[in-house]
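Have a look at the structure below, then the notes.
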Amino acid sequence: MRRPAMTRLAGTLTAIPIFVMLSGAATSQTLSPSPVLNNQINLGEIFSEQTLNVQTVSDGVTASTTAQANGVSVGVTNADASITSNQTNQGAVYGHTVVDVGANAGTSSALRTTAVGNSGAFSASNGTISAFAVQTNSAEVTARGQVEAADAQATDLTVSTLAMGNSQGVNLDNGSAGARISQSTTANVLADGGAIVGHVTGNSAVTSTTAGNNINIAGANQSAARVITDQANTAEVTQASKFTAYGNSYLTATTATATGNNLAASNEGPLLDVKSNQWNTSYVRGQAEGTSYLFGAAQTSAYAAGNSSQVNNVGSELVLDNLQTNTGGGVEATASFSGSDGYDAVTTATAMGNAVTGYVCSKCSGRMTVTNTQNNSADVGASSSTTIASSGRQVTGVSTAIGNNASFNVSAPGY
């Protein structure tokens, strides 16, 4: 299958129309926008590691580990800005956190590990931004987070592990934006780890999230945005995996989410106009495995998608031009849970080659204009497995594999 043309953005700035807010935002129309030029190149290895060894704590343990090659943040308030940003990473990025508990992890413990190749954040409050951003990652990005507490007790526990090759955010509050964003990753991205705990008396949430390329656009308070995005992931592997083992647990959730290219755009205002092109050839794997000898309620979920777009506007108009192509390595989601005695167990595995959703508010006299093209030529597989050795109350298993999935809705919020 012929690869669709990806727009080459470097050195070519195409004008994106900028909006004047309908609600009377205090944006200057007489002063020229402030120019911001950002060029970042990282060639060295970036690593961040930490280990916490504790016997007993009363309140809890907190550990945060971040490794990032390039990062930029630009924000305006009651002003306008014109942003040009070029970020290139060629050095491996590695974040690793280990928490070792001997007896008691306390009331509430949180472990967070983040590894990102290139990261950008643009924001406007009562202002306008025009942005042109290029992110290129060609080195492995790995995040690992784990809890070792086989003979210990914990009340509430959160373990979050995040790895992304490229990530770009645009946030608006009664603001407007015109943006063109290009992302390319050619190296493996992995989020891994888990938890081993003797007894969890409260809630335990253990999650891993991986994306080769990620774009988040969020607008609130009568904002408007028009964006063009190009995302290409040609890495060998994009994987999120989490493994948990409990002796006795009350409420647990083990979740792994892996996406080759991800776009999430939501807005509250007159217009959200998105043109998106996603291309994935990477093998994408989401793997979640959980065990608990005794359990109250246990959820194990794995999600994998080659390309994913979610575009929503709680406002009068949504325009979406979506092109997704998934080929090459394949997409696989596998989830499993096993226990001896307990109550409720839910195991879910979902794999999709291409997925897109669009929503506009009907109470806002919403109008939706959509052009959608999805091409999948890769294998897509989902596997869900649940084993209860002795007794349980309710056991639910879900396994879903879809090549191309599209959903577009005009409805009121909450429906």
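The values are calculated or read from the model by the stated rules, or taken from the named source; none is laboratory data. Just so you know, these numbers come straight off a predicted model, no measurement behind them. With ideal geometry, Cβ positions are generated from the backbone for all residues, glycine too; neighbour counts draw on all protein chains shown. Side chains included, ligands, DNA and RNA excluded: accessible areas come from the protein's heavy atoms. Shrake-Rupley method; radii C 1.70, N 1.55, O 1.52, S 1.80 Å.
Quick one: residue 148 ticks every box in (1) over 24 Å from residue 291 (Cβ atoms); (2) in a strand (DSSP E or B) bar one, so which box is it?
Looking at each condition in turn, residue 148 falls short on (1).
In segment 324-333, which residue that is buried (at least 20 other Cβ atoms within 10 Å of the Cβ) and of a type in the set (Val, Ile, Thr) is nearest to residue 198 (Cα to Cα)?
331
Right, residue 207: crowded, with 24+ Cβ neighbours inside 10 Å, of a type outside the set (Lys, Arg), on the phi < 0 side of the Ramachandran plot and in contact with a strand residue (DSSP E or B) (Cβ under 8 Å, 6 or more places away or on another chain) or not?
Values: crowded, with 24+ Cβ neighbours inside 10 Å: no; of a type outside the set (Lys, Arg): yes; on the phi < 0 side of the Ramachandran plot: yes; in contact with a strand residue (DSSP E or B) (Cβ under 8 Å, 6 or more places away or on another chain): yes.
When the stated conditions are applied, residue 207 does not pass them.
Among 340, 336, 385, 365, which is at pLDDT 95 or above, more than 19 Å from residue 276 (Cα to Cα) and either open to solvent by 50 Å² or more (accessible area, probe 1.4 Å) or acidic (Asp, Glu) (or both)? Can you show your working first?
On the way: 340 fails: either open to solvent by 50 Å² or more (accessible area, probe 1.4 Å) or acidic (Asp, Glu) (or both); 336 fails: either open to solvent by 50 Å² or more (accessible area, probe 1.4 Å) or acidic (Asp, Glu) (or both); 365 fails: at pLDDT 95 or above.
Exactly one of 340, 336, 385, 365 is at pLDDT 95 or above, more than 19 Å from residue 276 (Cα to Cα) and either open to solvent by 50 Å² or more (accessible area, probe 1.4 Å) or acidic (Asp, Glu) (or both), namely 385.
Given the criterion open to solvent by less than 40 Å² (accessible area, probe 1.4 Å), farther than 20 Å from residue 324 by Cβ, at pLDDT 95 or above and in contact with a strand residue (DSSP E or B) (Cβ under 9 Å, 6 or more places away or on another chain), identify the matching residue among 259, 229, 252. It would help to see each step written out before you state the result.
Values: 259 fails: farther than 20 Å from residue 324 by Cβ; 229 fails: farther than 20 Å from residue 324 by Cβ.
Answer to the selection: 252.
Restricting the first residue to segment 124-144 and requiring it to be at pLDDT below 95, which pairs with a second residue that is open to solvent by less than 10 Å² (accessible area, probe 1.4 Å) and not basic (Lys, Arg) meet a Cβ separation below 6 Å and a spacing of at least six or different chains?
none
Would you mind telling me which numbered condition in (1) farther than 27 Å from residue 199 by Cβ; (2) outside any loop (DSSP other than H, G, I, E, B) residue 248 fails?
Result: residue 248 fails condition (1) only.
Just to be sure I understand, how many residues within segment 402-415 are open to solvent by 60 Å² or more (accessible area, probe 1.4 Å) and under 24 Å from residue 256 (Cα atoms)? Quick ask: steps written out before the conclusion?
The initial filter retains those residues of segment 402-415 that are open to solvent by 60 Å² or more (accessible area, probe 1.4 Å), namely 404, 408-410, 413-415.
Next cut, under 24 Å from residue 256 (Cα atoms) only: 404.
The number of residues fulfilling the criteria is 1.
Identify the single condition in (1) open to solvent by 40 Å² or more (accessible area, probe 1.4 Å); (2) on the phi > 0 side of the Ramachandran plot that residue 285 does not satisfy, given that it satisfies every other one.
Every condition holds for residue 285 apart from (2).
If residue 37 meets every condition in (1) under 25 Å from the mean Cα position of the chain (by Cα); (2) closer than 17 Å to residue 134 by Cα apart from one, which number is that one?
(1)
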